[in-house]
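Asks: Quick one: the structure is below, and I'll ask about it shortly.
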């Protein structure tokens, strides 16, 4: 599964020159966070290299990309760490159209990408 995912992500991020021209760089991302215990839902808007907190998680956006013409089919490179001890619990690409493909595995929190900000 991991090899397939790695191959997929490499094809998405590298691809051919023609494919690269059809991908836009976002200035930020809109994420949704869920506290599975309390049922609280939080939407977060992050700029590139900015961090935000959801409960005891710290979410940092490194990059957000999307196909030209639709910022809602975004994929974002995120680093998510659990505050006690700053343990990294997720470091990689999340894809808005397939949130289960490369999901955060945490007993209390879910985080997923909604869209890139293009302005």
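The values are calculated or read from the model by the stated rules, or taken from the named source; none is laboratory data. Remember, it's a predicted structure, so these values are computed and weren't measured experimentally. Cβ placement follows ideal geometry from the backbone for every residue including glycine, while neighbour counts extend to all protein chains displayed.
Asks: Does region 79-90 contain any residue that is at pLDDT below 95, part of a strand (DSSP E or B) and under 16 Å from residue 24 (Cα atoms)?
Replies: no
Asks: Further question on the same structure: Give the residues of region 91-105 that are surrounded by 17 or more Cβ atoms within 10 Å (Cβ to Cβ) and assigned to a strand (DSSP E or B), sorted by residue number.
Replies: Listed by number, the residues that qualify are 93, 94, 95.
To keep it simple, each residue is scored yes or no on (1) farther than 17 Å from residue 108 by Cα; (2) touching a residue at least 12 places away in the same chain (Cβ under 8 Å); (3) part of a loop (DSSP other than H, G, I, E, B); (4) touching a strand residue (DSSP E or B) at 6+ places or on another chain (Cβ under 8 Å).
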{"site": "32", "(1), (2), (3), (4)": "no, yes, no, yes"}
{"site": "39", "(1), (2), (3), (4)": "no, no, yes, no"}
{"site": "45", "(1), (2), (3), (4)": "yes, yes, no, yes"}
{"site": "49", "(1), (2), (3), (4)": "yes, yes, yes, yes"}
{"site": "60", "(1), (2), (3), (4)": "yes, yes, no, yes"}
{"site": "66", "(1), (2), (3), (4)": "yes, yes, no, yes"}
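Asks: May I pose another question? Which condition from (1) at pLDDT 85 or above; (2) surrounded by fewer than 13 Cβ atoms within 10 Å (Cβ to Cβ); (3) under 28 Å from residue 107 (Cβ atoms) is the one that residue 22 breaks?
Replies: Among (1) at pLDDT 85 or above; (2) surrounded by fewer than 13 Cβ atoms within 10 Å (Cβ to Cβ); (3) under 28 Å from residue 107 (Cβ atoms), residue 22 violates only (3).
Asks: Further, regarding this structure: Considering 32, 108, 62, which residue is surrounded by fewer than 17 Cβ atoms within 10 Å (Cβ to Cβ) and over 11 Å from the mean Cα position of the chain (by Cα)? Break it down into steps so the answer makes sense when it comes.
Replies: Details: 32 fails: over 11 Å from the mean Cα position of the chain (by Cα); 62 fails: over 11 Å from the mean Cα position of the chain (by Cα).
After applying the criteria, what remains is 108.
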